[in-house]
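Written below as structure tokens is the structure these notes are about.
Read-outs: derived from the displayed coordinates by stated rules, not from any lab. This structure is a prediction, so every number in the text was calculated from the model and none was measured. All Cβ positions, glycine included, derive from the backbone under ideal geometry; neighbour counts span all protein chains shown.
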């Protein structure tokens with residue numbers, strides 16, 4: 001039997017996972033193996049993924065055992081098995097179990113020490129200080145501190161968990177990915193709600209940078225096995241999700257170019273010795289004219305198919321680097337394509353910047369648009385019907401949850 005050159009093994013089954021599977025299929029015509037603990041619509045009824053479901057796959061022992069069991073089958077088909085993670089939990093599980101997994105899989109992730117310096121936000125802001133990156137004024141809040149205390153900056157403030165994985169697993173009423181708090185009373189109640197759950201890690205309290213969704217930027221990069229940046233692609237956020245549990249996720253992005261930002265973050269990533277995919281969230285602060293970094297994800301972002309849509313296939317950089325050991329010049333994103341995960345009409349209706357709204361309308365007329373989940377080469381009537389139902393549910397979601405940001 002002729003062996004395949006490589007097999008993508010994608011951990012998780014959400015939009016991120018499908019976006020990567022689609023990138024592999026577009027570039028190489030290959031079917032990805034998706035390993036997950038359950039069904040999600042994003043990868044349901046798909047012909048471009050081979051789904052393997054393992055109970056409790058997001059728990060350390062089950063995670064390692066499932067992958068070691070799977071590698072026996074997959075090694076018969078290819079020597080190169082590439083792990084791709086769709087969320088922080090799977091990245092962390094892979095990195096912390098590198099010694100058991102790396103003999104069998106390619107792990108295009110940072111080492112454990114660097115991961116801990118990045119994923120715990122209080123550590124990450126120390127990195128920002130070291131490398132002179134601008135970030136919002138920040139207070140580290142630990143369980144047991146008095147929520148009635150005076151904060152070093154006024155309201156509104158942003159509250160979010162430092163340990164994303166532990167917070168992801170905590171459940172409590174009214175849970176949000178991040179909170180924008182406008183008063184002391186609301187702040188005290190939010191702290192109480194969070195610490196009444198199983199989450200007992202630190203919280204990040206930050207000065208709220210004024211501005212609506214359109215002042216957000218997202219920067220995706222790929223750094224090769226030697227810590228050299230090979231691709232950077234910047235996007236301007238058109239609109240965010242307003243569904244409470246999905247707040248902060250982008251639903252519309254336009255490709256954009258900013259060489260100054262590219263140069264700044266290329267220097268940072270290379271001095272850090274970063275490897276693999278980087279996903280950086282930034283917000284422009286009109287008060288001082290600076291872009292402030294919120295976080296650095298050590299994986300491709302949920303909406304990072306926008307990079308592939310703009311002409312920079314996310315899978316290609318990984319394969320050229322880790323499978324074929326090829327070096328190349330840096331590709332800087334410069335194309336202008338609209339990526340969206342909600343109806344285009346919603347973007348036009350809810351975009352809060354008039355110049356950007358005109359740009360979106362122009363791109364729609366020019367048919368320079370793309371979505372992650374609607375892939376013509378993966379058409380299935382049942383899948384298509386279910387995706388449409390979810391897609392158009394956003395009209396009701398925005399009607400119920402949309403709030404204008406100052």
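Observations
- Descending Cα extents along the principal axes, the stretch 213-401, whole Å: 47, 47, 33
- Pairs of alpha carbons in the stretch 180-261 whose separation is greater than 15 Å (percent): 73 percent
- 10 Å binning of all Cα-Cα separations within the stretch 250-340, expressed as whole percents from 0 upward: 13, 46, 35, 5, 1
- Förster-model FRET efficiency, 41 Å R0, residue 352 and residue 146, C-beta, rounded to 0.05: 0.65
- For the stretch 383-404 versus the stretch 214-267, the gap between their alpha-carbon centres in whole angstrom: 24 Å
- Evaluated at q = 0.16, 0.17, 0.20 Å⁻¹: base-10 log I(q)/I(0), Debye formula over Cα of the stretch 299-406: -0.92, -1.00, -1.21
- Overall dimensions of the chain, expressed as equivalent-ellipsoid semi-axes from the Cα gyration tensor (√(5λ), whole Å, largest first), are 32, 26, 22.
- Point-to-point label distance, residue 386-residue 64, nm (Cα→Cβ direction, 7 Å offset): 3.3 nm
- Bridges between two residues of the chain, per DSSP, are antiparallel at a rate of about 70%.
- When all alpha carbon pairs of the stretch 7-107 are counted in 5 Å bins from zero, the resulting P(r) reads 3, 14, 26, 27, 20, 9, 1 %.
- Our summary gives the chain a relative contact order of 17 percent, counting only alpha carbon pairs under 8 angstrom and 6 or more residues apart.
- Overall, the ratio between the Cα radius of gyration of the stretch 304-364 and 2.2 N^0.38 Å, rounded to two decimals, is 1.50.
- The largest-to-smallest principal axis extents of the Cα set in the stretch 80-238 are 55, 34, 30 Å.
- Distance between the C-alpha centres of the stretch 270-324 and the stretch 73-143: 14 Å, rounded to the whole angstrom.
- Rg/Rh for the stretch 210-257, where both radii come from Cα atoms and Rh is the Kirkwood radius: 1.11
- Averaging the sequence gap over all C-alpha pairs within less than 8 Å and six or more residues apart, then dividing by the number of residues, gives the stretch 137-207 a relative contact order of 56 percent.
- Taking the helices alone, the chain has a mean residue ellipticity at 222 nm of -10500 deg cm²/dmol, built from -39,500 (n - 2.57) per DSSP H run of at least 4 residues and averaged over all its residues.
- In percent, rounded to a whole number, the relative contact order of the stretch 106-246 is 25, using alpha-carbon pairs under 8 Å and six or more apart.
- P(r) tail fraction, the stretch 84-123 - alpha-carbon pairs more than 16 Å apart, %: 31 percent
- Using the Cα coordinates of the stretch 190-317, the gyration tensor eigenvalues translate into equivalent-ellipsoid semi-axes of 26, 18, 16 Å, sorted from longest to shortest.
- Taking the C-alpha atoms of the stretch 148-208, convex hull volume expressed per residue in Å³: 78 Å³
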